[in-house]
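The values are calculated or read from the model by the stated rules, or taken from the named source; none is laboratory data. As the structure is a computational prediction, the values presented were derived from the model and not from experiment. Don't worry about glycine lacking a Cβ; one is built from the backbone with ideal geometry, like all the others, and counts go over all protein chains shown. The protein model used for the area step is the full one, side chains on, heavy atoms only, and it has no ligands, DNA or RNA in it. Shrake-Rupley method; radii C 1.70, N 1.55, O 1.52, S 1.80 Å.
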Amino acid sequence: MPRYSADFIKAMPKSDLHLHLDGSLRLDSLIDMAKRTDTKLPSQSIDGLKQLVFKDKYQNLAEYLHCFQYTCAVLRDPENLEQAAYELAIDNQNEGVNYIEVRFAPQLLIDLSRGIDFDQVMHAVNNGLKRAQDEYNRTEAVLSGNKPPFGYGIINCAMRMFGDKGFSPYYTNLFQLMRDFEPMDVIKLAAMELVRASVRLRDQHAMPIVGLDLAGQESGYPASKFKEVYEYAHQHFMLKTLHAGEAYGAESVFEAITECYADRIGHGYSMFIPDMIHSPDIADKAAYIRNLASYIADKRIAIEVCLTSNLQTNPQLTDIRQHQFKAMLDNRMATVICTDNRLVSNTTVCNEYQLALDNFDIPLKRLKDMVAYGFKKSFFPGSYVEKRQYAKNCLDYFDRVAKQYGFI
């Protein structure tokens, strides 16, 4: 297979469609933000935080998610939130990423006691991203047509589960207000409120909220419980992705598609592992996986692949070559390389591409297909015609870069 240099990977056009804002802060900015908001961190130094919190390896998904209590705490502040969004866009631009879809759970950042509501959270994030976009798109390289412009969309995450204490001020208050409701009913109500508010801001304020996501613990909180929420999104032309097949098997992916109209799947790693199928009604697990993979490939439902994140949250994965990314490639699925969390996973888009290209057989044509999926399967905040033109511009640029580096 061809050897792709780090310079080539940086130069080629890229996207990141699975990118959590609250998992992708700059570490030095996190420290400064904590000081501004009087948030206590386990350490006040970058090295200390890397040793105690943001590690290269984690014991499990629970330890991985532990990091977010610190990032979310500092982001319950509009100034910090706008800065984080701005810096995230800049960091992507600096490594040659042309398009990002930034996702986060706005309800984790609401604090009505301090006057921070849903709209304020969303405007702060959008202001930061738009400022970075406008600055980049005014550069000579873009204005002259030498480079494609930078674009972004926002994906709002509903949470599969949350506790009644300590999860966030919004969720704590909601449980207190609805203490006579079953916990799952409260969780679904919060998700419905999120999607309704997202549609309102998109339609009334022209905010580029391009999709809905469902995040959090899969086991015990199946996608089917959120069917009505996703139906509302579907009926209002909002595109849909779900975390599925990250810590639960093929059934979770199946439900995301059949119950929630998923346009894309976040992770999808576990769908190829027979032992992670739990339904007694599925007698032939291998056949079920084959049929599901074939259906997803045929419908071109894109998989948001997060290699480093999966290595960190699945201790049984001791070698990247064991990752089910190979099965995705073998089944000709539409795969998009993503980071998940730049800070928590200590990675970049370039690093993720390098990891994939160094360890799996990906010829140039297949690489271009993967790059293309990142633009064509995006939830681009414009018309389909505009998205096609943007994707074409980016792929024409890929050809110019490939020619420059002697691949064509």
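Below are the figures for this structure:
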| item | result |
| --- | --- |
| Label point distance in nm, L364-A62, each placed 7 Å from Cα along Cα→Cβ | 5.0 nm |
| Stokes-Einstein D in µm²/s, Kirkwood radius over Cα pairs - the range 104-213 at 37 °C with 0.692 mPa s viscosity | 210 µm²/s |
| Separation in nanometres of the label points that stand 7 Å from Cα toward Cβ, at S279 and R179 | 3.9 nm |
| Inter-label distance, nm, simple model (7 Å from Cα along the C-beta direction), R332/S219 | 3.6 nm |
| Cβ-defined net charge surrounding V121, 11 Å radius [Lys, Arg +1; Asp, Glu -1] | -4 |
| Lys/Arg +1, Asp/Glu -1 at C-beta; the range 124-269 dipole; positive extreme among Y230, V210, G220 | V210 |
| Rounded Å value of the spacing that divides the Cα centres of the range 73-134 and the range 136-158 | 16 Å |
| Debye equation applied to the C-alpha atoms of the chain, log10 I(q)/I(0) at 0.07, 0.08 Å⁻¹ | -0.30, -0.40 |
| Solvent-accessible area per residue, Å², over the chain with all protein chains present [probe radius 1.4 Å] | 43 Å² |
| Residues of the range 7-26 with amide N under 14 Å of a point placed 7 Å along Cα→Cβ from R400 | 11-14 |
| Protection proxy ranking of 78-91, 320-333, 31-44 - average other beta-carbon atoms within 10 Å, highest first | 78-91, 320-333, 31-44 |
| Heavy-atom accessible surface of the range 315-390: percent carbon and sulfur, 1.4 Å | 49 percent |
| Dipole of the range 274-408, positive end: most advanced residue of L292, I362, G382 [Cβ charges, Cα centre] | G382 |
| Net charge of Cβ neighbours under 13 Å - reference Y248; Lys, Arg +1; Asp, Glu -1 | -4 |
| Order by protection proxy (mean Cβ within 10 Å, highest first), peptides 173-185, 204-216, 289-301 | 204-216, 289-301, 173-185 |
| Contour minus Cα-Cα distance for L27 and R196 (0.36 nm per residue) | 57.5 nm |
| Accessible surface of the range 86-233 [probe 1.4 Å, protein heavy atoms]: carbon and sulfur percent | 49 percent |
| Percent of beta bridges antiparallel (DSSP, the chain, rounded to nearest 5) | 5 percent |
| Cut-off 11 Å, label 7 Å out along Cα→Cβ of L52, residues of the range 17-45 by amide N | 40-45 |
